1. How about segment 195-211: which of its residues are part of a helix (DSSP H, G or I), over 14 Å from residue 246 (Cα atoms) and touching a residue at least 12 places away in the same chain (Cβ under 8 Å)?
2. Among the residues of segment 212-229, count how many are outside any helix (DSSP H, G or I) and surrounded by fewer than 18 Cβ atoms within 10 Å (Cβ to Cβ).
3. Can you work out which of the residues in segment 111-127 that are in contact (Cβ under 8 Å) with a residue 40 or more places away in the chain and not in a loop (DSSP other than H, G, I, E, B) is surrounded by the fewest Cβ atoms within 10 Å (Cβ to Cβ)?
4. Take the residues in segment 230-245 that are out of contact with any helix residue (DSSP H, G or I) (no Cβ under 8 Å at 6 or more places or on another chain) and assigned to a loop (DSSP other than H, G, I, E, B), then tell me which one is farthest from residue 192 (Cα to Cα).
5. Does residue 108 satisfy being part of a loop (DSSP other than H, G, I, E, B) and either touching a helix residue (DSSP H, G or I) at 6+ places or on another chain (Cβ under 9 Å) or over 16 Å from residue 143 (Cβ atoms) (or both)?
6. Name the one entry in 130, 135 that is in a loop (DSSP other than H, G, I, E, B) and at pLDDT 90 or above.
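The values are calculated or read from the model by the stated rules, or taken from the named source; none is laboratory data. For clarity, every value in this text was computed on a predicted model and none was experimentally measured. FYI the Cβ positions are ideal-geometry reconstructions off the backbone, even for glycines, and counts take in every protein chain you see.
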């Protein structure tokens, strides 16, 4: 807290707040009003806050509102939770009350004193960061009392039909390349597909016996499992058979 010297005698000063002590030389400390960046725990209106827990704005962290009764906002805990990032409520200035000493929760922050926002943000141009309508002092219809708004990135649309066609063609080509990548098979894999097509279905031992030259059962299993990943074969227990896509490329 900042302080300043006052050379007037303590007897001559009209002080409404207790706690000011007279010094021997008649110099006294007098508190100065702090700026918004220093007050309220350093939370300035519009400043992004990254915490998850905050002192309850409605009861000022005491857990009681009114005194002797459990606070209806924090349920007596004295703290409230808000998903980060958040900002101090501009409409009630973080007090959590619709009107000072009105015992009515703020309709913007629901009494918490802080409100969740989505980045990136900028000051609301309609209420100039106050959270209130300029004419009637109700909640700002644009920022809903936050004092800030989320900046939305505008998605650029194709300017003409030619650009739309190019965008569509690129999507078709990309899809075709993916399908060809899935449907491709090496020479040994094609031999395995041909054997399974002729038998209708086969296990790895049958595939190994019918390969030319014959291969081990373990290698046949590797071939068939690779074809399953490429969506050319379907596996049912120990048996393999052609998938619909495998049948198309074997036609």
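1. Passing the criteria: 204, 205, 207, 208, 210.
2. Total meeting the criteria: 4.
3. Selected residue: 123.
4. Residue satisfying both the conditions and the ranking: 237.
5. Answer is no for this residue.
6. Exactly one of 130, 135 is in a loop (DSSP other than H, G, I, E, B) and at pLDDT 90 or above, namely 130.
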